[in-house]
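Have a look at the structure below before the remarks.
The values are calculated or read from the model by the stated rules, or taken from the named source; none is laboratory data. As the structure is a prediction and not an experimental result, all values here were calculated from the model. Reconstructed Cβ throughout: ideal geometry from the backbone, glycine too, with neighbour counts over all protein chains shown. Side chains are part of the model used for accessible areas, which takes the heavy atoms of the whole protein and leaves out ligands, DNA and RNA. Shrake-Rupley method; radii C 1.70, N 1.55, O 1.52, S 1.80 Å.
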Amino acid sequence: MARAVSNRTKTLNTIVAGTLGFLLFFPILWIVVLSFKTEENAIRAPLEVLFSSGWTMDSFSAVQARSDYFKHFSNSVIIAVGSTVLGLIIAIPAAWSMAFVPSKHTKNVLMWMLSTKMLPPVGVLVPIYLLFRDFNLLDTRIGLTVVLMLINLPIIIWMLYTYFKEIPGEILEASRMDGATLREEIIYVLTPMAIPGMASTVLLNIILAWNEAFWTINLTAANAAPLTAFITSYSSPEGLFYAKLSAASVMAIAPILIMGWFSQKQLVRGLTFGAVK
Amino acid sequence: MSIKRTLLSTAVGFGFATTIASMASAEEITIATVNNADMITMQELAPAWEEATGNTINWVVLEENVLRQRTTQDIATGGGSFDIMFIGAYETPIWGANGWLTPLNDFADDADYDLEDVFQLVRNGLSADGNLYALPLYSETSFTFYRTDVFEAAGIEMPSEQITYTEFAELAAAVHDPDNGMYGTCQRGKAGWGENMAFVGTVANAFGARWFDEDWNPQLDSPEWNAAVTYYVDLMLDSGPPGASANGHNENRALFKDGKCATWVDATSAAGDVRNPETSSVADKTDFVKAPMQATAKGTGWFWSWALAIPASSKKVDAAKSFLKWSTSKEYFELVGETKGWVAVPSGTRQSVEEDARRVEAAPFAPAVVEAILSVDPADATLLPTPYTGVQFVAIPEFQGIGNYVGQQVAAALAGQSTVEEALANSQDFAVREMTKAGYIK
C-alpha cells in the first residue's frame, strides 16, 4: 500500500533530488561550458567564464584539425560493441548453465568470477603486455576487444544469471518436452524472454567498455587508440589546454551520453534489477 | 632521334628507379610525445620532413605522467610500440645505461648536424657511460620571474645579483597584497617529484641539504632539510596564494600571466610565454633574475631537458634517426623562428640559435636564460659531496618513487595536515626502506 505523501514533502524531495542531480551533473556541464571558450577565457574566474567572455567553436576546430576524431571514434565503437558481443556469446551459455543446471559449486564459481574484478588491473599489466607483445596484439583492435571482453565478462555473466533466474524453469522444461534441442532452447525460448535484461546488459557493458581508460591507453599506440586516448592527448601539465581538453572530452562523451539518454529506461531497469523481489 | 630516345628512356628509368627506391624505403614511424607548445609546433611542421623523405609519422600524444608510465612499460618490456620517444633528462641516462635506447654517437661525426653547437651541459645530461642517447629539443633551468611594476610601486628595487632565500622571503612579504589580488610569491605546491619537489629540491640544495650521503644513506631527517622545508612552508603560508598545495607549474603560470603573482621561481622555458603579449597580461612588466641561494649557490637552479630518443626495440632506426636529425637541427629551429616567430623557438639547446640576432631581438631574455643554464652543474649540485648526479632529482630508478612520496609529505605539511618534522620523518623512513630494498644500503 502506498504511503500518503504531503505536497510539501513532495516539493522538498524534488528540490533535494534536483539539487543533487545538478551537483552530480555540474562537472559535465562545466566541461561543456569550457569547450566553447578560448584558452585564455577558460582559466578565468567561474563567473567571468560564464558572463564576461564570448563563446566560440575554435577549440572544436583545433581539436579536429590536430587529431583524427573519427578514427578514434570508430575504434571506440568497434572495441565497445565487439567486446560486448563476444562477451554475450560466452556469457549466455555460462549464465544458462548456472541458472538452470546449478551444481553445489555454482555460487563459489560466481563469487570467484566477481573476485577477479577486485584485482587492481595494474597488477597484471606487465604479464598481459608481454603476452600481447609475443602474440603481436599490441595496438590492435582485436587484442583490445578480447581484453575488454574478459574484464567485463564477470559482470555480463552476473547480470544474465540474475535475469535467467527470474525465468521459470518450467517453460524451458516444456520446450524440452516439445523436442527442442539445447541450442533451440537457448536461442528460441530463453533469449526472447530475456531480451529486456540482455538489452540492459549490452547497454551497460558498451558504456563500461567505452569508458575504460586503463587498458585502452596502455595497450594501444597509434592504430587502435580509442576516444580515451584521444582525450588524454589534450591533457598537459605545461601550457594551457583546458578549452581543447574540454572540447575533446565533449566529443568523446557525446555519443555515449546520447545513447545513454535514449536508453535510460533499460539502463535503470538493468541496474536495479533484482533489487526488489 | 636515337640519342633523344636514349636520354628519355634513361630519365624515365631513373625516375622509375628513384620512385621504387623511395617507395621501398618509405617507413611509417610512431612517435610518443607530450602535449605542449613545442611539440604541437613540431607536429605542425613535420609534414615538411614527411614530404622530403616519403616517410610518414603516427603521433601518439599523451599526458606527461601517462607518457612516462606508457613509455617506461613499453621500453622495459621491449614492446616496440614506438620508434621515437620524447623523454626527459631523468630517464635518458638510466634507460641508456640499461641498454634500452639506441646510442646516437654517430651524430658527433655529422658535420651538418653540428652536435658541438648543443650546450655541453645538455649533451652530458642526455648521456650515460660516454654515449649520447637522446637529442634535445629544449632545455631549461629555473630562475626568478618578477613583476617590475609591482616592485616599482612598492619602492623596492630587485637586486640584479643573486639574493638569498631569506631576502627573497622579505621581498615577497613586502609586495604581498592578497586583498588586491596580488600574492607575494607563487610556487609549486602540487605533490610530485616533477612538481613541488622540483622547486623544493633546489631550495634544499640552497640550504645545504642533500638527498643521500656518500654511502647512499638518505638524509631527509637532517637539519638542512628541516630548515629548507620549514622555509618553504612558511614562505607559502606568509606570501603565497590560498590553496597553494594544489598549484603546479601550469596553475602558477596561469596565475602569473593573469597578474596575480609578484614573484615566481620556475622554468626558464616559460619565459617566452610569459613575455608574449598575445598570451600574457604581464608581458611588458616581467623581468628575470637568478633563483635565490642560501648556504650555497650550488644547485639553486634546476636542470631539465626534453629530448627525442630511439628505443632499442625500434625496427625503423634509420627513419627515426633521420627524423631526429631534422627535428633538432639548426634548420628546424630556423623553420620554427620563421613560421612561429623567434620568441617561440625551443630554448636552451643550441648556442647558435640563442645567439642569433633575430632570437635576441624577439626574446631579449634569451641571454639570461643561457647564462642561467650554463651556471648549472648536475654533477656538483650540493654543498656536501654526494654519490649521485642531478639537481632537482637523483638519477637513479628508485628516485621516482621516493621523490613522489616526499612530494606528498611536503604537500601535506603545506596543507597543514602534518608538521614539517612529521613529513620529513615519514619521508626518511620511506627512503630508507626503498634504498634498503634496492640494495644500496643494508
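Take the residues of segment B:388-426 that are of a type in the set (Gly, Ala, Ser) and in contact with a Pro (Cβ under 8 Å, 6 or more places away or on another chain): which is most open to solvent (accessible area, probe 1.4 Å)?
Taking segment B:388-426 as the starting set, the residues that turn out to be of a type in the set (Gly, Ala, Ser) are B:390, B:395, B:401, B:403, B:407, B:411-413, B:415-416, B:418, B:423, B:425.
With the extra rule that they be in contact with a Pro (Cβ under 8 Å, 6 or more places away or on another chain), the set shrinks to B:390, B:395.
Working: B:GLY390: 6, B:ALA395: 31 Å².
Within segment B:388-426, the match that is most open to solvent (accessible area, probe 1.4 Å) is B:ALA395.
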Practice prompt. Go through (1) of a type in the set (Gly, Ala, Ser); (2) buried (at least 18 other Cβ atoms within 10 Å of the Cβ); (3) under 30 Å from B:VAL274 (Cβ atoms) one by one and return the number of the condition A:ALA65 breaks.
Written response: (2)
Worksheet item: Taking segment B:360-387 only, how many residues are under 30 Å from B:ALA283 (Cβ atoms) and buried (at least 22 other Cβ atoms within 10 Å of the Cβ)?
Response: 6
Discussion item. Being at pLDDT 90 or above and open to solvent by 80 Å² or more (accessible area, probe 1.4 Å) is the filter here; which residues of segment A:103-121 pass it?
Written reply: A:LYS104, A:HIS105, A:LYS107, A:ASN108, A:MET111, A:TRP112
Discussion item. If I ask for residues that are hydroxyl-bearing (Ser, Thr, Tyr) and part of a loop (DSSP other than H, G, I, E, B), which ones from segment B:90-103 would you list?
Written reply: B:TYR90, B:THR102
Discussion item. The conditions are (1) acidic (Asp, Glu); (2) in a helix (DSSP H, G or I); (3) touching a residue at least 24 places away in the same chain (Cβ under 8 Å), and B:GLU361 fails exactly one of them. Which is it?
Written reply: (3)
Worksheet item: Is there any pair linking a residue in segment B:224-249 that is outside any helix (DSSP H, G or I) to one that is of a type in the set (Val, Ile, Thr) and surrounded by 21 or more Cβ atoms within 10 Å (Cβ to Cβ), with Cβ under 7 Å and at least six apart or on different chains, and which?
Response: B:GLY240/B:THR185
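Does segment B:256-269 include one or more residues that are at pLDDT below 90 and either away from every other protein chain (no Cβ under 14 Å) or assigned to a helix (DSSP H, G or I) (or both)? Steps first, please.
Step one: filter segment B:256-269 for residues at pLDDT below 90, giving B:258, B:269.
With either away from every other protein chain (no Cβ under 14 Å) or assigned to a helix (DSSP H, G or I) (or both) added as a condition, the list becomes B:269.
Yes; the residues of segment B:256-269 include at least one that is at pLDDT below 90 and either away from every other protein chain (no Cβ under 14 Å) or assigned to a helix (DSSP H, G or I) (or both).
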Worksheet, complete the sentence: If we keep only residues of segment A:68-96 that are surrounded by 15 or more Cβ atoms within 10 Å (Cβ to Cβ) and among the hydroxyl-bearing types (Ser, Thr, Tyr), then the residue farthest from the other protein chains (Cβ to nearest Cβ) is A:THR84
Fill in: Criterion: modelled with pLDDT of 90 or more and either of a type in the set (Gly, Ala, Ser) or more than 21 Å from the chain's Cα centre (by Cα) (or both) - qualifying residue of B:THR18, B:THR77
B:THR77
Fill in: Check on B:TYR113, open to solvent by less than 10 Å² (accessible area, probe 1.4 Å) and under 18 Å from the mean Cα position of the chain (by Cα)
no
Worksheet entry | Positions within segment A:3-40 being open to solvent by less than 90 Å² (accessible area, probe 1.4 Å), over 12 Å from A:LYS244 (Cα atoms) and modelled with pLDDT under 80, in sequence order | A:VAL5
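Within segment B:215-224, does at least one residue satisfy the condition of being within 14 Å of chain A (Cβ to nearest Cβ) and open to solvent by 20 Å² or more (accessible area, probe 1.4 Å)?
Looking through segment B:215-224, none of the residues is within 14 Å of chain A (Cβ to nearest Cβ) and open to solvent by 20 Å² or more (accessible area, probe 1.4 Å).
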Worksheet item: Which residues, taken from segment A:135-168, are away from chain B (no Cβ under 14 Å), surrounded by 21 or more Cβ atoms within 10 Å (Cβ to Cβ) and within 14 Å of A:ALA80 (Cβ to Cβ)?
Response: A:THR145, A:VAL147, A:LEU148, A:MET149, A:ASN152, A:ILE156
Discussion item. Just checking, does segment B:111-125 include any residue being in a helix (DSSP H, G or I) and within 14 Å of chain A (Cβ to nearest Cβ)?
Written reply: no
Item to complete: May I ask you to list pairs of residues, at least six apart or on different chains, whose Cβ atoms are under 8 Å apart, with the first in segment B:41-70 being within 15 Å of B:MET85 (Cβ to Cβ) and the second being open to solvent by 30 Å² or more (accessible area, probe 1.4 Å) and acidic (Asp, Glu)?
Response: B:ILE57/B:GLU28; B:ILE57/B:GLU50; B:ASN58/B:GLU28; B:GLU64/A:GLU238
Worksheet item: Before we move on, is B:TRP211 within 18 Å of B:ASP380 (Cα to Cα), assigned by TED's automatic domain parsing to the domain that holds B:LYS257 and buried (at least 23 other Cβ atoms within 10 Å of the Cβ)?
Response: yes
Discussion item. Consider segment B:24-48. How many of its residues are open to solvent by 10 Å² or more (accessible area, probe 1.4 Å), modelled with pLDDT of 90 or more and of a type in the set (A, V, I, L, M)?
Written reply: 2
Worksheet item: When residues of segment B:269-294 are filtered for being among the hydroxyl-bearing types (Ser, Thr, Tyr) and in contact (Cβ under 8 Å) with a residue 60 or more places away in the chain, how many remain?
Response: 2
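Scan the helices (runs of 4 or more DSSP H) fully inside segment B:27-89 and keep the ones with 2 or more residues being within 12 Å of another protein chain (Cβ to nearest Cβ).
Fully inside segment B:27-89 and qualifying: B:37-45, B:64-77.
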Worksheet item: Do we have B:THR92 as within 7 Å of chain A (Cβ to nearest Cβ) and modelled with pLDDT of 90 or more here?
Response: no
Worksheet, complete the sentence: Sole miss for B:ALA204 among (1) in contact (Cβ under 8 Å) with a residue 60 or more places away in the chain; (2) not in a loop (DSSP other than H, G, I, E, B) is condition (1)
Fill in: Hits in segment B:345-358 - residues which are open to solvent by less than 50 Å² (accessible area, probe 1.4 Å) and not in a loop (DSSP other than H, G, I, E, B)
B:ARG350, B:SER352, B:VAL353, B:GLU354
Discussion item. Please go through segment A:117-134 and give me each residue that is touching a Leu at 6+ places or on another chain (Cβ under 8 Å) and either without any contact (Cβ under 8 Å) to a residue 24 or more places away in the chain or more than 10 Å from every other protein chain (Cβ to nearest Cβ) (or both), ordered by number.
Written reply: A:ILE128, A:LEU131
Practice prompt. May I ask you to verify whether B:VAL336 is over 26 Å from B:GLY79 (Cβ atoms), surrounded by fewer than 24 Cβ atoms within 10 Å (Cβ to Cβ) and out of contact with any Lys or Arg (no Cβ under 9 Å at 6 or more places or on another chain)?
Written response: yes
